[in-house]
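Colleague: Structure in structure tokens, see below.
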Amino acid sequence: MRQQSLFENRNLSVPLASRLRPETLEEFAGQRHLLGDGKVLRQLIDQDQVSSMIFWGPPGVGKTTLARIIARRTRAEFIDFSAVTSGIKEIREVMNRAEQGRLMGERTILFVDEIHRFNKAQQDAFLPYVEKGSIILIGATTENPSFEINSALLSRCKVFVLQALSAQELTELLRRALTDPRGFGGMEILCADEMLEMIAAFADGDARVALSTLEMVVLNGEREGTVTRVTPEVLEQCISKKSLLYDKNGEEHYNLISALHKSMRNSDADAAVYWLARMLEAGEDPLYVARRLVRFASEDVGMADSRALEITVAAYQACHFIGMPECSVHLTHAVVYLSLAPKSNALYMAYESAKKDAAKMLAEPVPLQIRNAPTRLMKELGYGKGYQYAHDFEEKLTDMQCLPDSLQGRRYYRPTGEGSEARVKDRMEQIVRWKAEKKREKT
């Protein structure tokens, strides 16, 4: 008897992402901040109190799917509307249908995908129907609603921000796709967990991309009888990435970030760029790398070059705006800058030293002269008495005590002579000498 080929499965004519589209909130992947127990959106859905809303989030996070689930849970008619292909005429026709439904006691959920593509006149056409309750408008957008949606319409909608799915959430979704009867359940698919994790990293928060990639690697896997095996070579071809040795939750993750950090600290720009590339090409989250660079900017460069912090924050924002692979050049910019910048760990050492004192001396009172006195009673108790406003003095300095009595004279920040911090060091020494002179004058 001839065995059935994987390609002969009748379900395969429908894309995997469509076959696995969730039908209930329990199946829905991600967005626990909105749909977890006790969260606002979950309560609105469960209590059937859904009103007009905007879903704002990146592609592939389930905006359309969530709207369909809401319609099913609330027993409302669901109308799917595209801002790309519809004009005012189509809007009014749909609105009239919805108004007729309202008069018959029926509710209509109008889902508008890419609502930011409607112009002002098109968006205004929804207003009277939203106000009358003829429709519950659910708009989906990848753009900031504050800039792309008319204020009059936006004020009548609750905005919910949907987040990109985490790598863990995507990996769980991919595992389910291999066992769910609507996916590849019933077929024997051999695909190692590491490969699912690589697909999840490649998808970069987009469930549709993750499922489409899984479908591609399965359909191109090696078949041995009834078994389909996904090999590293097939995966590499499908995602155009090398199967690098990397586990984002294991030792190699920490080895590589350590290598990047220490190469920058040692001012070795070439090594730092190499370790950066190793991480990114293996699927590391660029925002994770950017966050580590922001930390490095103050921990290892600090006041020696304060622009380092500006540049790393800008690199983080660039990664957030455009994602991989385009943001790799922004991270390279920041890594090279940090590698070549003068180094100082004085800020790090200052905080660590102050932290020890803060932990040991939690009850030290704030000196009265630098306490705020918003009430008459506080003034009578001496709050703010003796406060000296530095701007009233020619030197813009005073000898007022700001540390608790037990910590008088303590020095935490000790600037080095590196880069711009040399000027900071001169300024601090000048201030110390000036205060010492004022103290001598009083004695």
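Colleague: In terms of the ratio Rg/(2.2 N^0.38 Å) built on C-alpha atoms, what value belongs to the chain?
Modeller: 1.35
Colleague: Let me ask you something else. Could you pull out every one of the aspartates and glutamates with an alpha carbon less than 15 Å from that of LYS343, ignoring same-chain neighbours closer than 8 positions?
Modeller: Straight-distance partners of LYS343: ASP268, GLU299, ASP300, ASP305, GLU418, GLU421.
Colleague: Sorted from largest down, give the three principal axis spans of the alpha carbons of region 319-443, whole angstrom values.
Modeller: Computed over the Cα atoms, the extents are 63, 35, 33 Å.
Colleague: Over the Cα atoms of region 121-267, compute the convex hull volume and normalise it per residue, giving Å³.
Modeller: Hull volume normalised by residue count: 194 Å³.
Colleague: Note down the accessible area of LYS120, probe 1.4 Å, to the nearest 10 Å².
Modeller: 130 Å²
Colleague: Now for a separate question. Let me check I've understood the local charge: for ARG21, count other residues with C-beta under 11 angstrom from its C-beta, Lys and Arg +1, Asp and Glu -1. What total comes out?
Modeller: Surrounding charge for ARG21 is +2.
Colleague: May I ask what percent, to the nearest 5, of DSSP beta bridges between residues of the chain are antiparallel?
Modeller: So the antiparallel bridges amount to about 10 percent of the total.
Colleague: Another question, if that's okay. Taking a temperature of 10 °C and a viscosity of 1.306 mPa s, what whole-number D in µm²/s does Stokes-Einstein yield for region 123-170 with Rh from Kirkwood over alpha carbon pairs?
Modeller: Taking Rh from Cα pairs, D becomes 128 µm²/s.
Colleague: Shifting gears a bit: Can you give the angle from 0 to 90° between the axis of helix 286-296 and the longest principal axis of the chain, with both taken from C-alpha atoms, to the nearest 10?
Modeller: 0 degrees
Colleague: If you don't mind, there's one more thing I want to ask. Quick check: the angle from helix 307-322's long axis to the longest principal axis of the chain, C-alpha only, nearest 10 degrees?
Modeller: For helix 307-322, the angle is close to 10 degrees.
Colleague: While we're on this one: How would PHE160, PHE147 rank on accessible area, largest to smallest, probe 1.4 Å?
Modeller: The ranking, largest first, comes out as PHE147, PHE160.
Colleague: Something else: As an exercise, use a Förster radius of 35 Å and the Cβ-Cβ distance of LYS39 and ALA359 to find the FRET efficiency, rounded to the nearest 0.05.
Modeller: Efficiency computed from Cβ-Cβ geometry: 0.45.
Colleague: Where does helix 421-442 land angle-wise versus the long Cα axis of the chain, in degrees 0 to 90, nearest 10?
Modeller: Taking Cα atoms only, the helix is inclined about 40 degrees.
Colleague: A further question on this structure: In a Gaussian network model over the chain where Cα atoms closer than 10 Å are linked, find which of ARG73, ARG42, ARG411 has the largest mean-square fluctuation.
Modeller: Among ARG73, ARG42, ARG411, the largest GNM mean-square fluctuation belongs to ARG411.
Colleague: Looking at the chain, which Cys residues are left with no other cysteine's beta carbon under 4.7 Å from theirs?
Modeller: CYS157, CYS191, CYS238, CYS402, each lacking another Cys Cβ under 4.7 Å.
The values are calculated or read from the model by the stated rules, or taken from the named source; none is laboratory data. These numbers come from a predicted model, not from an experiment. Here Cβ is always computed from backbone atoms with ideal geometry, including for glycine, and neighbour counts include all displayed protein chains. Heavy atoms of the whole protein, side chains included, go into the accessibility calculation; ligands, DNA and RNA do not. Shrake-Rupley method; radii C 1.70, N 1.55, O 1.52, S 1.80 Å.
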